[in-house]
1. With every protein chain left in place, what is the accessible area of B:MET318 in Å² (1.4 Å probe, nearest 10)?
2. For B:SER50 and B:ARG286 in one chain, what is 0.36 nm times their gap in residues minus the Cα-Cα distance, to one decimal in nm?
3. Can you give me the C-alpha center-to-center distance between the range B:115-162 and the range B:314-364, rounded to a whole angstrom?
4. Leaving ligands and nucleic acids out of the surface, order B:MET346, B:MET184 by accessible area at 1.4 Å, largest first.
5. Tell me, what ³J(HN,Hα) does each residue in the range B:14-24 have, in order and in whole Hz, if you take phi through Karplus 6.51 cos²θ - 1.76 cosθ + 1.60 with θ = phi - 60° and put x for Gly and Pro?
6. Can you tell me the accessible area per residue over chain B, all protein chains present, probe 1.4 angstrom, in square angstrom?
7. For B:ASP279, which sequence-distant residues (separation of 5 or more, or a different chain) have an amide H within less than 5 Å of its own amide H, given hydrogens modelled in the peptide plane?
8. After finding the eigenvalues of the alpha carbon gyration tensor for the protein assembly as shown, what semi-axes result from the square roots of 5 times each, listed largest first in whole Å?
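The values are calculated or read from the model by the stated rules, or taken from the named source; none is laboratory data. Everything numeric in this text was worked out from a predicted model, so none of it was measured. We place every Cβ from the backbone using ideal geometry, glycine too, and count neighbours over all the protein chains shown. We work out accessible area using only protein heavy atoms, side chains counted, and drop any ligands, DNA or RNA first. Shrake-Rupley method; radii C 1.70, N 1.55, O 1.52, S 1.80 Å.
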Amino acid sequence: MLLWSAAARSTAWTVLGLLLLLVYGVPLGLILLASLTGQWNGVLPSHMTLSHLAGTLRAEPAAQLRASVLTGLAASLAALAFGTWAALALRRVRGGARRWLELVFFLPSALPSISVGLGLLVAFSRPPLLLNGTVWIVLAAHFVMVSAFAYGMVAAGLAQLPAELEQIAESLGAGPLYRLRRITLPLLAPQLLAAFSLGFALSMGELGATVMVYPPSWVTLPVGIFGLSDRGAVFDAAALTVLLAAGTVAVLAGAARLQRLAGGK
Amino acid sequence: MTRPADAAGASYAGGIAMTGVTVRYRGTVALDAFCLEVAAGSIMALIGPSGCGKTTALRAVAGFVRPDAGRIAIAGRDVTGLPPAARDIGMVVQSYALFPHMSVVENVAFGLRARGQPGPAVRARVAECLALVGMDGFADRLPRQLSGGQQQRVAIARALAIRPQVLLLDEPLSALDAPIRRAMLDELAALHRDLPGLTVLYVTHDQGEALTLASRIAILCGGRKLAEGPSQALYRRPPNRFAAEFLGQANLLEVAVEGRVLGGMATVRLGDTRLKVPDADIAGARALLCLRPHDITLADASAACSAACNLLPAELRMVHWQGERHLLELCVAGQTLRVSLPPLRMPPAPGTSLALRFAPDDATLLPHEPG
């Protein structure tokens, strides 16, 4: 403990708590407040109402939530599968080739999302692979945006896994698939669930690439929120943001529950 | 601990043969044309300082290291190109490497299930192996709920469950406290008595473990085998300076070889004193006389030399009390000599002139090598 006295520790905790409240609590609180507001002309809102939140139950926001959740699930699961495969495959590669391949896998995380969206739009707007105007290009954009994070988390988990565990399993007669199923993947479960959760959360909030490629039939919640705030419907946008946060938290809470069940043995 | 006999003990059979095995790590030679024969049913210990290649040799037998040259055979079958899963080995490592997400039973059953054994056979064999190592009361525990010694027993049971041709032990006791290590050493010896057909390759840096457990010892240094032989013979008659110093405590005194006498003995001169020692085929007039500290005793200063012993005048420099023993540090003809004695009631004072006695047969003449 760097701070020795109780007074210094409580002061540090208080300052930290206030900073966290300022950075995380205030924006979230204000969004929630805005979603309940009928009018906000002064310092404080007035004409409190549930009509904006009730509006999220209409067909259009529900469809947007469904599109977001399905896109998030598909993209994060695909990224998890790809990231796991890449991390497992790269364990066998040594030297310069490994560094280059790692760079390739991490590259999407270094690119601005709008560039990814533009790139996909240019690449898939003409034959032979015409994806523009379909759901698939949105899924592709989200996959590209989250795959690097999935790879990074699984690779970090694999690096922590003692090589002796798999070697002993191999010496006992376990083939590659049996080892993967019984040893490697179960021991990686916390990292796999974390990678999935991060990928899903990032996908749920993804806007930059999506706005470049989304078709009218597949509008995600962030695109809907952007559209509402662009038209000046800030309170409706705030209500949709609450819906987005609730949807994300619900899926992540389910993943955390799964993780606890898996780790509870 | 009373163990049930292993019903399938007879199926453990098969020696190890390493012929000219060379392993390089990025150009660095870790094992250099290494040859080793481990007879079926014996325990061979590989010892040596860190980086000597002993673990590399074991991992080459296991199949985790692919030799750049040479051949490895287990039970007469060439396994050089086979993956570890096809080598029929059991292995225990320093960290035990128990699967942390599996219970004791699941750990021990792992190899059998991986080989597609039917459920009833797996359950029977697992029970048999857990009883063999005295862990049958811990079947449902997770590894993290076991002590280090218990984890080690489970690791051994897991390795034995598949009835391997050979058991490879890579410093299995290094992570244990000294008292538990001694107890586990006794247990390993008892286990081998129960499974006399089991061939064991045991890697350790602890000479005590090797001497206690192994019937033969190979000493490695720099990827080469510097000495090999039955444990007692290697200790009593080390073939070179490195073996003498690595296996137990040794006094190595520079002596001049004066001549050979009848009965396989030689006369050497240490300062002004002539000593009779077993002859060895030493080229040149200089040699090293190896004397174990506990093979030397104090003699009366007036004692006369006889054919059955050598007398050596010495001056006492220091006395160290070590509880169970006294260690005397002496000067003999300008060279340092250490003597380990049972506790002395009245230890002599430093500076005292003493006479030392040792039997000719307790001395070994080694080729002269600078220290």
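1. Ignoring ligands and nucleic acids, B:MET318 comes out at about 90 Å².
2. Separation in residues times 0.36 nm, less the Cα-Cα distance, equals 81.9 nm.
3. 50
4. Largest accessible area first, the residues go B:MET346, B:MET184.
5. x, x, 10, 10, 10, 10, x, 7, 10, 10, 10
6. Details: 15840 Å² over 371 residues.
On a per-residue basis, chain B sits at 43 Å².
7. B:MET265, B:ALA266
8. Ellipsoid half-lengths, sorted descending, are 71, 29, 24 Å.
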